[in-house]
Each structure stands twice: as C-alpha cells, then as structure tokens.
Amino acid sequence: MTLVEKTGFFPDYYLNLKNSQSDVFDVQVGKIAACRNDYERLVFVEQFPGVRENDEQLEVKRVFAGKNADTAAQHKEKGNQAFKAKDWFEAMLFYTRSYMALPEDKASERAIILANRSATLFHMEKYDETLIDVKRAIDLGYPKDLIYKLYERQARCYMVKKDYPKTIACFKKCITALDDAKVPSERRSKLILDAMTMIKMLEKDPLTLKQAERQKKLGETKPLTMAIPDEKEYLSEFVRFDQNVAEGRFARAAADITVGEEILVEKPFVAVLLEKFAKTHCDYCFIRTAIPVACAKCADVLYCSEECLSKANATYHKYECGLLPTIWRSGASVNCHMALRIVANKSLEYFLKLKEDIEKELPIEEITKLPTDDYRRVSHLERHEKSRPPSNMFQHSLMARFLTKCLVEAGYFGATPKANDVTTIGGIMLRSLQFIQFNTHEVAELHAKKADGNEKTVFIGGGLYPTLALFNHSCDPGVVRYYRGTTIHVNTIRPIEAGLQIAENYGPIYTQEGREKRQAQLKELYWFDCTCDPCLENWPTFERMPTDIIRFRCDGPKQCRAIIEVPATCNDFMIKCVTCGESTNILKGLKVMQDTELMTRTAKRLYDAGDYAKALNKFIDLLRIMYEVLAPPFPDFCQCQQHAKDCFLHLGNFYDLN
Ligand SMILES: C[S@@+](CC[C@H](N)C(=O)[O-])C[C@H]1O[C@@H](n2cnc3c(N)ncnc32)[C@H](O)[C@@H]1O
C-alpha cells in the first residue's frame, strides 16, 4: 500500500476487511471499475460490505492530551534546576516543553515560562531570540511587579546589538517599571542608578544620535522574527509549457537558458511536515526553531512565530488541531495528510461552488493563469485515473473516506453534516490523493557537520508546487531544486538550448544508478517509461564512465555540434566529424580541459572554506566553459555539476550539526 508509510490502524483496518471476505474480496473490489467518477467511488466504498461495520477500528477522534498544567510545572522545575546549574541548553529545552504543555487558560504562567526562557537565551548569547521571547512574555501579560527585569534584559540585548536608541528606551521603561516592583528600596535605587548611568553614557555617544535620526527616517521597524523573509514567487519568461500525447505536459525553453539561472521560485499549494520534525520545526513554514510558540489547544506541533501560528489557525490547523495524533497513528503517509490539508485549507462552500468547474478540462495556458490558491491549479495535475487498477482505486477511496471522516469529526461540515456534502468532499479528497501521488516534492534540509565535512540531505516534509509539477523527468536533469522554508527554488544546472525540454529529476539520476533500476523505479512510482537521452543511449554511471575517451562537440565550419569521440591517447588534433564531414580542431577543447583543472581547484577551496556563493559562481563558470566544447557524459562535468548542486543546497534550509 503506497498510501501508508508505517504501521498504523489504517493498514490493519484494510487487512481485516480483506481477510474477513477473502474469497470474494477481489471480485467485489473489481466492481469499483464501473464507477464513473470519484464521487461514485466514494459511494461505492461507503456501501462496500464490512466497511461501515468496522468503522470503530478507524479510531477517528479529537484528542487534546498534550496540555497539562502539572506536567508543565514539572518541566518548569527541571528547567529551573538546569538554569541554576548553568546548563543553559537543557534549561531552554525544559522551558520549551513546559510552555508547550501549558493549557490555553494559563496565560500568566506562559508569560513566566517565556521570560525564564529569555533569561536562558540571554546567557546563551542568543540576543535576537531573547528579544523575541521577552516581547512574547510582555504581550502575554507578564506580572507588573517583575516586568522591570524584562525591560532591563531587553536593554542589555540592544546594547550588545549596538542599537543605542533602543537600549536607552528600554532602560527608561525599566526605571518607570521599577515603581511597581516589589524590591527593597536599596536594590531599587541601585537598579535605577545603573540604568541612569547607562542612559547618560549612551546619550553622550555620537552614534546614538546618528542611529536615532536613521531610525526616525526609516519609521517603525518591523518586529524581530526568526522566520525567513517572505519570498517573491517567480517564473522565468524563458519557460514555456507544451504538451504531447506521449509525455503529457512539460516545460520547454523559449530561448537559450544559461547554466546557473534561477527559473522558478514557487510557494507550495500545500505542504506538510513529517511527524518526526513536529517538535523541532515550524508546522507552517518548516523553519527549524529553538524558540517556538504553541497552539493554545494542542501540543502536537509548534510554530516559529505568532504570525505562522495565526496563519495556520486561520486555515488548516483549526481542523487538524487535536486530530494530528489520529492521522499519525493511522499510519497514513504524508501524501494523505497533504490531501486532507488541501481540503482543510478551504471551506466546504468553496468546494461546493467549484464542484462543476473541477470536472472541466482547461488548456494549460488557462491553468497557469489561475490564482495561485485556486484548487484548479492542482486539480488538473496528472493522476493516471484511467490506468489505475481497481485495487489501487479501492484503497485510495477507502483512504479518502477515512480522511473525510476526520474532517467530519473536526467540525468541517458543521454540527449536522449532510451526506451529499460528505460525498462531495470525499470525492475531492480522492481526486487530491490521486494527483498528489505523482506530483509532490520532498521538502529538504541540508545537514552538515563542519568538523568532518559530512553533509546529507534530510527530507522534512512534502509539498505540492503547481508550476513545478508540470515539469517532466529526465535522468540527466537540466535543473536542481533547493528549499528556503517551504519555498522551492529551481536553477539550471547546465545550459538549455531554445526549444529543448527543461526537465527535472524525480529521484534516480544516470550518474548514480544504472538504466534498468532507474526505469523500474520510475515505472513503479510515476507510471511511465523513461526515454531520456541517458536511457535511450544507456549512458554509464559515474563509476563506469570511460576516462580514456573524450567527447568533444563538433566545432567545424557548419557548427553541427554533434559529438566527436576521441581517445585520450590520440595524437591528431584535426578530427573529422562523422555527422557533418567537416574537421574540428580539438586543441581548443584540450586547452579548456587544462584551464578547468585549475579553476576546479579554486572552486573546491572556496567550497571547503564555506564560501558557497563564490564557489557556486566558479562552478557555474566551469560548467558553461566545459559544456561549450565537451558533451556529457564525462566525469569532470558530472563532478562539477555535483559540486554546483551542493552549493545550491547551501543556499537553502540548513542545519549545522555542530
Ligand atoms: C509531475 S507530472 C509531470 C507533468 C505531466 N506530464 C502532466 O501532464 O501533468 C508526472 C507525470 O508526468 C509524466 N512524465 C514525467 N516525465 C516523463 C517522461 N520523461 N516521459 C513521459 N512521461 C513523463 C508521467 O505520467 C508522470 O506520472
């Protein structure tokens, strides 16, 4: 079952159903082929023998188990002990756990925990994070008699950040707040004196006036946040979409595209974080965060900022809240979760209104012009509806039914759900499950350990990118992807001539995997026979790539650019092209090969020194130069492409394991 990734009650439920009627099951399931659309399929599974009878096994219920004041108090106590022992990291972790566990109505306790965590962060010299937590604590109503401490901490952070006007402002607030503080008068006087001294000293500093003037000119500064700035979506004017019978829709270069160009920046239509990152990454933007904010009702996921929390609450989280344990325990894959979220992101009314339109075929130019949040941007993606075997369609329909039941439980359909509405949404859920299967991307984060230079890409979730989903696959892809948060960036990794396809890669590339394995994998997962150049010509993997043959491009008078294979030991330098019959002088190519050796060394040195942007520029130059005279596959080009890919990954989500 591709719908489930791990053990859970859903595969058990399915097996039970199957085993309870082993003789007739396949025959019964086969009848689903007579259904004309997804809505009929939903009605079919609803009436399938044993389905409703076994509903109890689906355990669909909302649970809010993570919130508990006693547990929160225990974590807080452990945090306090760690703080006393100056184990700042441990203290921070316990304060976070405590904060996550605090129930909604404990606002003042939440403020105190955040203030404690801010003290810890201050000791860790994480000043931006400290400022964020201090602000959150103040916003949550931190006690008046203690608030002077937070203003003082704020002042000290701004001081380290050399923002003197803000330092002065915070010290002034601290002095005023001391009026409400319950501290012995001697201590109060000392605190006031310290603050006044700092204010006087900073007021004399010429930098203070300069900064104040600048801040006045720039106006109100944006509140500090650890979230990455909102990114602008972009599609290069050189990308066109086309289609044919054999390959469906695909992207094509409208003009020559050089290597290293950013051709697409796209936000996901929907994205879901894997369960195992739910306690380290923001559920909304996938940014790793050490200072999360929590949903008021559940402790299942966390958010990097109030902004992400409120965006999630305004869309999918109001339905997923309390249901996440059910979804995770079911064993449903992240793809299934994505289907549920696609529906949860929009209202029942939205889908009821759109129902007829979803069925209408739209030409590709119209689809790409639809608003980015229109369901029809994705509803027309490839789903291989006609070639699905009945058992596959049956399993998907059962899963759609289960996910729709989750939404019923979550109140998506109101207090008294209408059967017709549930079927409609079930049908949309089923359609979504089908196109998600062939069109999603795994959102990645690069894990690197500076000490030993080890790097690996870790998948943290899944996302559906409507424009990128129209790109076909090649085992020698023209582009590379990386992610910033959930936003995908697509860059060319070799020159692409006008008119040629711009293909991405769905998993196996020719340098790493032999043709048979690649083709089998693509057939199994994406249901097509790959006919890219490496597959047609059976290009060797990197390990088997010959080093004694050089593949030059014909540079003769006719510029036919055909490939001329020359043994490395060849003593001639004028070589005849079998395609155009003209001779090419390979000395130019040999000189390029020599030059690139030195450039490669420089680029690698920059990479090892962590200067990825400069290294990338060098690798891109190298790829451009090599591609001009040599034709892949050849080892130097592949290696260079790999290095450029690694550089790109460093521009995206990154986690330093040190
Ligand atoms: C992500 S979609 C790509 C866009 C798709 N061609 C469309 O029309 O929507 C993946 C599906 O496209 C088709 N596809 C992708 N690469 C292909 C290729 N190199 N040759 C033939 N079909 C391909 C397969 O049907 C695959 O399941």
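Where a number appears in this text, it was derived from the coordinates with a stated rule and is not lab data. Every value quoted in this text rests on a predicted model; they were computed, and no experiment measured them. Cβ atoms come from the backbone with ideal geometry, glycine included; neighbour counts cover every protein chain shown.
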**OP:** Please report, in debye to the nearest 20, how large the charge dipole of segment 542-656 is about its Cα centre when each Lys and Arg carries +1 at its beta carbon and each Asp and Glu carries -1 there.
**Re:** 260 debye
Subject >> Residue-span extension gain [ASP128 to ARG624] - 0.36 nm each, minus C-alpha spacing >> reply: 174.4 nm
Subject >> Listed peptides 238-248, 303-313 by packing density, highest first (mean Cβ within 10 Å) >> reply: 303-313, 238-248
Original post:
Using the Cα gyration tensor of segment 474-557, with a ≥ b ≥ c the square roots of its eigenvalues, what is the shape: rounded (a/c below 1.5), prolate (a/b larger than b/c) or oblate (neither)?
Top reply: oblate
Subject >> Value in Å of the Kirkwood radius, where segment 69-218 supplies the Cα pairs that are averaged >> reply: 16.2 Å
**OP:** Please list, in chain and number order, the residues 5+ apart from ARG288 or on another chain whose amide H is under 5 Å from its amide H, with Hs placed from the backbone.
**Re:** CYS282
Original post:
By per-residue mean of other Cβ atoms within 10 Å, what is the highest-first order of 26-35, 549-558?
Top reply: 549-558, 26-35
Original post:
One-quarter of the Cα convex hull surface for segment 309-440, in nm²?
Top reply: 8.6 nm²
Original post:
Please identify the trypsin sites (Lys or Arg not before Pro) of segment 159-212 that satisfy two criteria: DSSP loop assignment and at most 14 other Cβ atoms within 10 Å. Which are they?
Top reply: LYS161, LYS162, LYS182
Subject >> Paired Rg and Dmax values of the chain, which use every Cα atom, in angstrom >> reply: 29.8, 99
**OP:** Provide the gained length on full extension for the span ARG214 to ASN80, in nm with one decimal, where the gain is 0.36 nm per separating residue minus the Cα-Cα distance.
**Re:** 44.2 nm
Original post:
In the structure shown, do any of LYS216/LYS369; LYS190/LYS217; LYS76/LYS173 have a Cα-Cα gap over 32 Å, and if so which?
Top reply: LYS216/LYS369; LYS190/LYS217
**OP:** Please identify the helices of the chain, taking whole runs of DSSP H, that span at least 27 Å along their own axis as judged from the Cα atoms and have a mean Kyte-Doolittle score of -1.0 or higher.
**Re:** 185-204, 390-409, 419-439, 587-608
Original post:
Of SER397, SER189, how do they rank once you tally other Cβ atoms within 10 Å and put the fewest first?
Top reply: SER189, SER397
Subject >> Set LYS232/LYS456; LYS450/LYS604; LYS360/LYS523 screened for pairs whose C-alpha atoms are more than 21 Å apart >> reply: LYS232/LYS456; LYS360/LYS523
Original post:
Once the dipole of segment 50-209 is set up with Lys and Arg at +1 and Asp and Glu at -1 on Cβ about the Cα centre, which of LEU178, ALA69, LEU150 lies farthest towards its positive end?
Top reply: LEU178
